[in-house]
Amino acid sequence: MKVHFLGVRGSTAAPGIEFVRYGGHTSCVALAHDGEEVPSLILDAGTGIRRCSRLLAGGAFQGAILLSHLHWDHFHGLPFFFGGDRPDSRVSLHVPDQGPGVEVLATLERAMSPPHFPIRPDQLRGDWSFSGISPGTFEVEGFSVLAAEIPHKGGRTFGYRVSDGHASITYMPDHCPTNLGPGPDGWGEYHQSALDLAANSDLLVHDSQLVAPELAAEASFGHAAAEYAIGLGRRAGARQVALFHHKPDRTDDQLDEIGARFARESSVEVATESMVLVL
Ligand SMILES: [Zn+2]
Ligand SMILES: [Zn+2]
């Protein structure tokens with residue numbers, strides 16, 4: 001499969017000249033099947049999803065969007081995804097089930113409806129459907145997906161493992177493993193759901209909002225350190241780790257420094273929003 005990184009920033013978009021090389025758009029990764037240029041599965045709808053429209057060769061999006069959770073930085077790009085908001089699109093949007101009796105569309109409308117925003121999700125043009133998903137495995141757009149709940153802050157959050165039968169990508173953009181304890185390194189617990197999601201994955205895309213010295217002051221905001229992402233990848237046998245969901249004020253030069261610190265680890269990349277990987 002082909003993996004397009006379209007937004008790699010966390011929490012809020014980061015425009016500005018200090019951020020041009022890694023990019024300022026918030027979380028979005030698009031997957032295309034082998035031999036296909038056009039993506040059919042999108043992970044998260046941060047502002048980076050705007051950049052997906054140009055991958056569609058002028059056509060409408062036909063596929064699915066999986067949201068890891070409903071925080072703004074994973075949802076705010078949705079109404080600006082012009083490849084999906086057109087009469088000839090077909091889009092199924094899947095979000096973590098929010099509990100018994102909680103309707104998906106009503107939950108989405110709390111963030112996207114007047115007076116907060118001019119339209120509601122079901123007023124997007126095209127053939128849209130909205131559904132909740134539970135932990136477990138399911139098939140979507142020819143991909144097999146494992147969904148598992150992982151600790152974060154403020155709302156149910158899933159990590160996903162997506163496979164096309166040949167290769168697999170694990171997507172855990174927001175993850176707070178210190179919620180479960182310090183773990184063996186002090187960076188958070190290597191808990192079973194994280195290990196299951198990342199097990200022998202070809203690519204682990206993981207929350208790296210922080211670095212280890214920042215955990216004491218900032219882990220309570222709900223994020224992980226880059227050191228944990230690499231430690232999880234190593235323990236789970238992931239072949240490559242992409243550090244993702246960069247802190248909004250982390251400049252290009254500071255991200256270069258983080259990359260240099262882990263340069264010995266040949267399988268670690270600091271994600272940029274122009275990165276394309278073939279698995
Ligand atoms: Zn986030
Ligand atoms: Zn979040």
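Each Cα pair under 8 Å and six or more residues apart adds its separation to the average, and for the chain the resulting relative contact order is 19 percent. The Rg/Rh ratio for the chain is 0.94, where Rg is the radius of gyration of the alpha carbons and Rh is the Kirkwood radius. Kirkwood analysis of region 1-83, using all unique Cα-Cα pairs, places the hydrodynamic radius at 12.6 Å.
Among the GluC sites (Glu not before Pro) in region 55-155, those placed in a DSSP loop whose Cβ has at most 14 other Cβ atoms within 10 Å are Glu103. Size descriptors for region 133-216: radius of gyration and Dmax over Cα atoms are 13.4, 42 Å. Pairing the Cα long axis of helix 252-261 with the longest principal axis of the chain, what angle in degrees results, from 0 to 90 and rounded to the nearest 10? With both axes taken from Cα atoms, the answer is about 50 degrees. Excluding ligands, DNA and RNA, the accessible surface per residue across the chain is 40 Å² with a 1.4 Å probe.
Charge tally around Leu6: other residues with Cβ under 12 Å, Lys/Arg +1 each, Asp/Glu -1 each, net +2. Based on alpha carbons, the Rg and Dmax found for region 196-279 are 12.4, 37 Å. Taking the helices alone, the chain has a mean residue ellipticity at 222 nm of -4000 deg cm²/dmol, built from -39,500 (n - 2.57) per DSSP H run of at least 4 residues and averaged over all its residues. Comparing Cα centroids, region 204-279 and region 136-184 end up 16 angstrom apart.
Among the trypsin sites (Lys or Arg not before Pro) in region 56-159, those located in a DSSP loop and surrounded by at most 15 other Cβ atoms within 10 Å of their own Cβ are Arg125, Lys153.
Protein heavy-atom surface of the chain, 1.4 angstrom probe: 52% of the accessible area is carbon and sulfur, with nucleic acids and ligands not counted.
The values are calculated or read from the model by the stated rules, or taken from the named source; none is laboratory data. Because the structure is a prediction, the values reported are computed rather than measured. Methodologically, a virtual Cβ is constructed for each residue, glycine included, from the backbone with ideal geometry; neighbour enumeration extends over all protein chains shown. Just so you know, the surface numbers come from the protein's heavy atoms only, side chains and all, with ligands and any DNA or RNA stripped out. Shrake-Rupley method; radii C 1.70, N 1.55, O 1.52, S 1.80 Å.
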